[in-house]
Amino acid sequence: MAVSCGVRAALSSSSAIRKMFEEGNSLKARYGADKVFDFSIGNPDVPPPPAFYKVLAGIAAEKTTGVHGYMPNAGFDFARAALAKKISLEQGVECPAACVVMSVGAAGALNVVLKALLDAGSEVIVSAPFFPEYRAYCANHGGILIPVPACPDFELDVEAIAKTLNANTRALIINSPNNPTGRIYSAASLDALGRLLNEHERKTGQLPFIIADEPYRDIVYGGLETPQIFPRFRNSIVVSSFSKTLSLPGERIGYIAVNPGSDEFTLLLDALIYATRVLGFVNAPALMQRAVAQLTMERVCVDIYEKRRDAFIEVLDAAGLEYVKPQGAFYIFAKVPEHDNKSGGAAQDDIAFADLLKRRLILGVPGSGFGKSGWIRFAYCVNEEIIRSSKNAFVDSVKEWENGAS
Ligand code: PLP
């Protein structure tokens, strides 16, 4: 047997997002790119800010000996210091450079953090719907992801989390702004979660870690802000990247920042640096560390995404689809309409609805992959024109669905 049982099983339930992305590419080859409404993957098309190209040209010309060599596993000191300044401002807590470990994107950061924190069977709570890769990332390190359904408006359900928390809970992943809903968890719900964890510590002597996955922190609309994590949670780690805020997902550059007040801070940092090495990352890409160290105040033009969100809402309204208005990120999560199927029962089958949309060349990802069936995610990292021109296809698809097609 060439492939392990675990990977064999994982392959058979392989990523719905990647599958749709690949189908989108073949549909585009067949019908032309402008004919396919590909809302499948969060691959940003908004260009990086002009400063990125300027900085890149400067560092590409650098020929000092060792410029492309190994470095400490945590990353260049100057990059860690630059990121620490940015994080101190964002989090409202003074963070020295020692708090930061440079990573291979947010995905690499999450794997490093989970490797450092989890024992076999450790539980990690997440609010559902959630980014599907979390399940695999936890399993990579012997952990178990425990989804807890969010409130109907996708806010954290702190009471439900309270019922799930137990002696085996090692961490909670908080992803805000959220993929797939675009929800920013409110300061009030984070405060309530903080109180819950403190109470849990008083009772059990254990304070689980908050892992705040924040690649969309700066992609927020209407003057909203993503609430701070460090002042609310003593044991907390922020992971992030420049994949979305600088539109650099292929460059694989991100970071981990540990709250300086965390328990066993020095040991935890040593563990993160060790995990970076032994997971085979060794260090984050050198060229990109140099680049982002100079670009900490830059970000893509968020207005473009906000206009697209508004355009998408017009399309969904025209089609009569329900959704929760996104406050950030670049995803919209819509409810699959009630559907009188031929057998007479009402069904909310997100996979069948995604298939029906695909017949009109609309690609979205069924919510079941995100732990919320009966919903569907659309990523609006595509030209506003494509969003607007998808209206008729959406309207017709919903009519067909409501008439009982599947
Ligand atoms: N976390 C969330 C919520 C995401 O949506 C993504 C990517 O889409 C990642 C992590 C991984 O980001 P990166 O490309 O920086 O590894």
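The values are calculated or read from the model by the stated rules, or taken from the named source; none is laboratory data. Fair warning: this is a prediction, and the values are worked out from it, not measured in the lab. A quick note on method: Cβ atoms are made from the backbone with ideal geometry, for glycine too, and the neighbour counts reach across all protein chains shown. Just so you know, the surface numbers come from the protein's heavy atoms only, side chains and all, with ligands and any DNA or RNA stripped out. Shrake-Rupley method; radii C 1.70, N 1.55, O 1.52, S 1.80 Å.
For the reader, a short list of remarks on this structure follows.
- Checked against the criterion of being within 15 Å of the ligand (Cβ to nearest atom) and among the basic types (Lys, Arg), the candidates 135, 170, 202 yield just one match: 135.
- Failed condition for residue 201, given (1) in a helix (DSSP H, G or I); (2) open to solvent by less than 20 Å² (accessible area, probe 1.4 Å): (2)
- The selection criterion, being polar (S, T, N, Q) and under 19 Å from the mean Cα position of the chain (by Cα), holds for residue 176.
- Extreme residue, least open to solvent (accessible area, probe 1.4 Å), among residues of the range 374-405 that are basic (Lys, Arg) and within 21 Å of residue 326 (Cα to Cα): 377
- Every residue from the range 214-238 that is open to solvent by 10 Å² or more (accessible area, probe 1.4 Å) and part of a strand (DSSP E or B): 220
- Test: residue in the range 315-322 that is open to solvent by 50 Å² or more (accessible area, probe 1.4 Å), in a loop (DSSP other than H, G, I, E, B) and farther than 30 Å from residue 58 by Cβ: yes
- Consider the range 147-182 and keep the residues that are assigned to a loop (DSSP other than H, G, I, E, B) and in contact with an Asp or Glu (Cβ under 8 Å, 6 or more places away or on another chain). The one that is most open to solvent (accessible area, probe 1.4 Å) is 168.
- Scanning the range 264-284 for residues that are open to solvent by 40 Å² or more (accessible area, probe 1.4 Å) and not in a loop (DSSP other than H, G, I, E, B) gives 265, 266, 267, 270, 273, 274, 277, 278.
- Residues of the range 213-238 classified as touching a strand residue (DSSP E or B) at 6+ places or on another chain (Cβ under 7 Å) and within 16 Å of the ligand (Cβ to nearest atom), total: 11
- For residue 144, the requirement of being out of contact with any Pro (no Cβ under 9 Å at 6 or more places or on another chain), open to solvent by 50 Å² or more (accessible area, probe 1.4 Å) and farther than 27 Å from residue 187 by Cβ is met.
- The range 106-132 - residue that is within 23 Å of residue 273 (Cβ to Cβ), small (Gly, Ala, Ser) and within 16 Å of the ligand (Cβ to nearest atom) and, of those, most open to solvent (accessible area, probe 1.4 Å): 107
- Of residues in the range 239-263 being open to solvent by 50 Å² or more (accessible area, probe 1.4 Å) and touching a helix residue (DSSP H, G or I) at 6+ places or on another chain (Cβ under 9 Å), the one farthest from the ligand (Cβ to nearest atom): 251
- Residue 358 falls short on exactly one of the conditions (1) open to solvent by less than 10 Å² (accessible area, probe 1.4 Å); (2) closer than 24 Å to residue 31 by Cβ; (3) more than 18 Å from the chain's Cα centre (by Cα), and that condition is (1).
- Test: residue in the range 260-270 that is modelled with pLDDT of 95 or more, farther than 30 Å from residue 386 by Cβ and under 22 Å from the mean Cα position of the chain (by Cα): no
- Remark: residue 210 matches the filter, which requires a residue to be touching a Ser or Thr at 6+ places or on another chain (Cβ under 7 Å) and within 16 Å of the ligand (Cβ to nearest atom).
- Among the residues of the range 88-105, those that are touching a residue at least 60 places away in the same chain (Cβ under 8 Å) and either under 20 Å from residue 274 (Cα atoms) or within 16 Å of the ligand (Cβ to nearest atom) (or both) comprise 96, 98, 99, 100, 101, 102, 103, 104, 105.
- The number of residues in the range 285-299 that are crowded, with 21+ Cβ neighbours inside 10 Å and not in a helix (DSSP H, G or I) comes to 1.
- Looking only at the range 188-239, residues that are under 19 Å from the mean Cα position of the chain (by Cα), of a type in the set (A, V, I, L, M, F, W, C) and farther than 25 Å from residue 112 by Cα come to 2 in all.
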